[in-house]
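Everything below concerns the one structure shown next.
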Amino acid sequence: MQQINRYLDKDLIRQAQFLHVLTESLRSRLPITVGAHCWAGGIRDNTLIVITDSANWTIPIRYQQYELLKQINSELQKNLKRVKIKVANIAYQREKPANRPSISEQSAQHLASIASTMQDSGLKSALLRLSKRSKPQGFE
């Protein structure tokens, strides 16, 4: 099996590797919750371009921009002066919600009847919510 690198431009591979190193350096200096949503987009005119998937993450990046520049400059021997943040609409697959367990119709009826006799309103509403998890006959 031949390596794909043989078919790719060496400059493209070098640039991708540099962006990967830059992204890892950027993420290591940000809180985990912020870093997971940030990627290095490159360097242009002594400006670090940071790409994020939501405008929500621009504020924490802005807040730490000078410390980021200082540390990345020292680690990668660059002379970066600014951070430019771009928000990209990056599509990623969200996790499907977990399947909620269901109960039989008969169990749902029992729970509803027990709930009707309850004095405690919290317990009564919890039993009624639980009784609504039943699947109709034939859909199990």
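For the reader, a short list of remarks on this structure follows.
- On the stretch given as region 82-105, residues that are farther than 30 Å from I59 by Cβ, loosely packed, with under 10 Cβ neighbours inside 10 Å and at pLDDT 70 or above total 1.
- Qualifying residue in region 51-62 (condition: under 17 Å from R82 (Cα atoms), touching a Leu at 6+ places or on another chain (Cβ under 8 Å) and polar (S, T, N, Q)): no
The values are calculated or read from the model by the stated rules, or taken from the named source; none is laboratory data. Just so it is clear, the model here is predicted, and its values are computed rather than measured. When we count neighbours, we look across all protein chains shown, and the Cβ atoms used for this are built from the backbone with ideal geometry, even at glycine.
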